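First up is the structure itself, then whatever we jot down about it.
A short reminder: the numbers here are calculations on the coordinates, not readings from a lab. Bear in mind the structure is a predicted one, so any value in this text is a computation, not a measurement. Methodologically, a virtual Cβ is constructed for each residue, glycine included, from the backbone with ideal geometry; neighbour enumeration extends over all protein chains shown.
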Amino acid sequence: MSAPGFSGWRAVVLHAAGEGTDRLVRQLGLLGLEAVVHWQPLDLARTPADVVFVDADQGWGGLLPWGTEAAPVPVVALLQSEAPGRIAWAIAQGASAIVAKPVVAASVYPALVLAAAIHAERAVMAERVRHLEERLRLRPLVHQAVQQVMAAKGLEEEAAWARLRLAAMQRRITLEQAAGDYLAGITRLPEVG
Amino acid sequence: MGGLAAVGLFIDRAGMRVRAKIGIVFSTVGPYSAMGRDCRDGADLALLDIAADPACPVTVEAVHADPGGDPRRYLDAARDMLREGAVRHIMGAVTSLARKDMIPLVEKHDGLLWYTCPYEGFEANENVIYTGACPNQHLMPLFSHLLPRQGKRAYLLGANYVWGWEMNRLARDLLTAAGGEVLGERYLPLEETEVSRLIADIARRQPDFILNNLIGPASHAFLAAFRDLGLRDPAFRPEACPVLSCDLSECELADLEPGLAEGHLAAAAYFDSLKSPANAAFKARVAALHGPDRRVSAYFEGAYTAVRLFAEAVALAGSDAPGAVRAALHGGVFATPHGPLRIDPRTNHAALPFHLGRINGSGGFDIIASRPSIAADPYLVVDRTGAGRAGLRVVS
C-alpha cells in the first residue's frame, strides 16, 4: 500500500482548546493539514472539513450535524475514557479511529490513515448497496420483459434472458434498464445469428 | 570548542560551567554493532573534545549503556537513566525498532531523545531531535540521480523490520511514479546469511539495480554472494547492476573482505572523503585518537555532531532543561564536520546535505554527486514522488 498523503486537507478539531489540541494541531500541520479548533456544534457550511476530530469524552448529540446519517467525512474520536457509552457515542457519530488522550504525536498519522481508509471503504460499500437495491427494485420489470420476449419471439425462457442480456451488454446498461426500455418500447432487441 | 568554530556562541558565565547530563545508548556487540561502535566512538570523541576545551562553559557528564543489540534492553536502559530524574537527554539507538520503543518513555518524562542515524521517516516527535537523514534526504535524491542513468527496473531487498519494509514501500511508490518496475522484493532477518535462492532469483530477473536495505550479517552475506555472481556473469558487476544503499558506510566496509563491495553505491550526509577544512580538522582529531587508518562514517560523525550540538545548545540555554535546549537548537546554526547545521522547529529534524558515494578499493567512498542541505520532510508532505526536486550537482 502506498502511503496516504493529506496535504491540503482541512481538519476541524471539536474539543476545548488546550495543550492536547495544541499538540494535535501541530502534528496535523506536519502532515500537511490545516486544522482549526472549535468547541461548538459543527457547521460544515461555515467550517468546511475533510476530516473531523471530536472529543468523545465530552461530546454531545448535536455536536456533529449529521445525526444518525452516515458521516460525510472521516471522523476520529479523541478519547480518554474507557466508558462503553462514550465509545458507543463515538461509533454513532461515525468515528472509525481513535486517538487516545493525552495525545501523543505518534498516534495521529495512524488514526488519520485508518479513518480515511474506512471512510472511503464505507462510501464504496454504500454506493454498491444503493446500486444493488436499485437492481432488486427493478427485478419484477426483468421478469415481465422476459415473458414478453418469449411471447414475441417464440423463445424459451433461457434464450429470452440471453437476448435481453445481450441488449444490455451492447448498450452498456444494466439488465434492469434494458428490460425497462424494452417494455417502454424505447428499444428493440438485437436479432441473433 | 576544539578544532571546530561553533557558530552558536558560548556565553561566558564568569567561569561557571553549566553541568549537563546525557545518557548514551548504543550496542557495540550484536548484528549491527559496526554502526553502534561508530556511534559510540563518535559520541566519546565529542565528550573528550568538550572536556578538553577550557572555553566551553558546559561540563557534560555521560552515562553509557550497551544493550548488546537486544531490542528489549533499550527500554530498560532508558528507564534506568530517566528514573532518577538526573538524566533528561538520551542519545541513541541505531534501529528504528529500538528508537520507537524508547520514545513513549522519553515523552512521559518530557525528556529529549537524540537520534543520529539515517532512518525511514514518517515520524516527528516533540521529544526527539533527529540528526540523521530521512528519505527525502537519502532515498529520493538517490533515485532522482540514478533512475535516469541506470534504468528503472529494480530488485528490492530489506531487513524484515520497519526500516526494510518502509524503505522498500517508498521505493516501490517512487519507481511506480517514475514509470519503473519492481522485479522482486525479498526480506531477511538480520542474522540470516543463506542467500543463494535470492541470488538465483536476481540472476533470473536481471534488474537494472538492487536496492539493499538489508542490515548486518544478511547484508554482508548478500554482498559477498552478489560479488561471486558478478565474477561468473559480467551482467551483475557493479558497473552494470549496482547495489544501492542508504545506510552502508565506512564502518561496515572495514568488516568486509577488501574490495568485496567496490563499485557499489551509497547515499549519506557525510563521507570520510568529504573535502573541506572542517572535515580535515575533524579527521585529524579522529586520527589522533584512533590512528590514521580509521575511516570515519556518517554514524561516527553523526553521533559526534549530536553530542557537540547538545553541549552548544545547553550553553546557549544556560541549562539542560529539555524545553530550553530544544528552543536553543531551533534558533541556532551550528558548525559540524559536514557543514553548517540547522534544526527545523516544525519537525525537529536536521537539514542535511546529500552525497552519493561509490565504494572504492581502499575502504572508502568516492563522492560522485552532491546536493547542498535539504530540509527534512519526514512525512513527504512537500514532495511524494521525487519529481519536484531539482537535479543533482554531479561532481565527477
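For the protein assembly as shown, report the % of Cα-Cα distances exceeding 36 Å.
Working: 82579 of 173166 pairs.
Of all Cα-Cα pairs in the protein assembly as shown, 48 percent lie more than 36 Å apart.
Specify which residue in the list B:Pro378, B:Ala78, B:Leu253 is farthest towards the positive end of the charge dipole of the protein assembly as shown, using unit charges on the beta carbon of Lys, Arg (+1) and Asp, Glu (-1), about the Cα centre.
Looking along the dipole axis, the top candidate is B:Pro378.
Fully extended, how many nm does the chain gain between A:Trp39 and A:Ser81 (0.36 nm per residue separation, minus their Cα-Cα distance)?
The A:Trp39-A:Ser81 span can extend by a further 13.3 nm.
What is the fewest-to-most order of B:Val162, B:Val94 by other Cβ atoms lying within 10 Å of their Cβ?
Result, fewest neighbours first: B:Val162, B:Val94.
Per-residue mean of other chain beta-carbon atoms within 10 angstrom of the beta-carbon, peptide A:24-32?
4
How much length is gained if the chain between B:Ala52 and B:Ala280 is pulled fully straight, taking 0.36 nm per residue apart and subtracting their Cα-Cα distance, in nm to one decimal?
Result for the pair: 80.1 nm of gain on full extension.
Using +1 on the beta carbon of Lys and Arg, -1 on that of Asp and Glu, and nothing else charged, what's the dipole of the range B:192-233 about the Cα centre, debye to 20? Could you put the intermediate results ahead of the total?
Details: 5 positive and 6 negative charges, 18 e Å.
Using Cβ point charges on Lys, Arg, Asp and Glu, the range B:192-233 gives about 80 debye.
Kirkwood Rh over Cα pairs of chain B into Stokes-Einstein at 20 °C, 1.002 mPa s: D in µm²/s?
101 µm²/s
Computed FRET efficiency, Cβ-Cβ of A:Leu166 and A:Ile186, R0 22 Å: what is it to the nearest 0.05?
The pair A:Leu166/A:Ile186 has a calculated efficiency of 0.85.
Tilt of helix B:322-331 relative to the longest C-alpha principal axis of chain B, in degrees (0 to 90, nearest 10)?
Orientation of helix B:322-331: about 70 degrees from the principal axis.
Lys/Arg Cβ at +1, Asp/Glu Cβ at -1, dipole of the range A:138-183 taken about the Cα centre: which of A:Ala152, A:Ile173, A:Leu141 is farthest positive-ward?
Selected residue: A:Ile173.
Just to verify a number: FRET efficiency for B:Ser362 and B:Ala86, C-beta to C-beta distance, R0 = 60 Å, to 0.05?
Given R0 = 60 Å and the Cβ-Cβ separation, E is 0.85.
If R₀ is 56 angstrom, what is the calculated FRET efficiency for the pair B:Ala178 and A:Gln148, using the beta carbon separation as r and rounding to 0.05? Could you put the intermediate results ahead of the total?
Working: r = 56 Å, r/R0 = 1.01.
For B:Ala178 and A:Gln148, the calculated efficiency is 0.50.
At 222 nm, what helix-only mean residue ellipticity would chain A give, in deg cm²/dmol to the nearest 500, using -39500 (n - 2.57) for each DSSP H run of four or more?
Details: 6 runs with 90 residues, N = 193.
Per the formula, -15500 deg cm²/dmol.
Grab the eigenvalues of the alpha-carbon gyration tensor for the range A:49-90, scale each by 5, take roots, and send me the semi-axes largest first in whole angstrom.
Details: eigenvalues 62, 26, 14 Å².
The three semi-axes for the range A:49-90 are 18, 11, 8 Å.
Quick check: residue separation of B:Arg79 and B:Val333 times 0.36 nm, minus the Cα distance between them. What number comes out in nm? Present the calculation step by step, with values, prior to reporting the outcome.
Details: separation 254, 0.36 × 254 = 91.44 nm, distance 3.18 nm.
In short, 88.3 nm is gained.
Taking the Cα centre of the protein assembly as shown as the origin and placing charges on Cβ (Lys, Arg +1; Asp, Glu -1), which of A:Ala184, B:Leu105, A:Ala100 is farthest toward the positive end of the dipole?
Sorting the options by dipole projection puts first A:Ala184.
Given charges of +1 on the Cβ of Lys and Arg and -1 on the Cβ of Asp and Glu, with all other atoms neutral, how large is the dipole of the range A:10-128 about its Cα centre, in debye to the nearest 20?
That gives the range A:10-128 a dipole magnitude of about 80 debye.
Can you compute the helix-only [θ] at 222 nm over chain B? Use -39500 (n - 2.57) per DSSP H run of at least 4 residues, normalise by all residues, nearest 500 deg cm²/dmol.
-12000 deg cm²/dmol
Go from 0 up to the bin containing the longest alpha carbon distance in the range A:138-183, width 5 Å each, and give me the % of pairs per bin.
Going from the shortest bin to the longest, the percentages are 5, 29, 36, 23, 7, 0.
Note down the nm distance, to one decimal, between modelled labels 7 Å out along Cα→Cβ at A:Arg128 and at B:Gln206.
With each label point 7 Å from Cα toward Cβ, the separation is 4.1 nm.
Counting Lys and Arg as +1 and Asp and Glu as -1, each charge on the Cβ, what is the dipole of the protein assembly as shown about the Cα centre in debye, to the nearest 20?
1060 debye
Using only the alpha-carbon atoms of the range A:1-151, report the extent along each of the three principal axes, biggest first, to the nearest angstrom.
That gives 76, 35, 31 Å along the principal axes, largest extent first.
Distance from the Cα centre of the range A:76-128 to that of the range B:120-143, in angstrom?
Going from one Cα centre to the other spans 28 Å.
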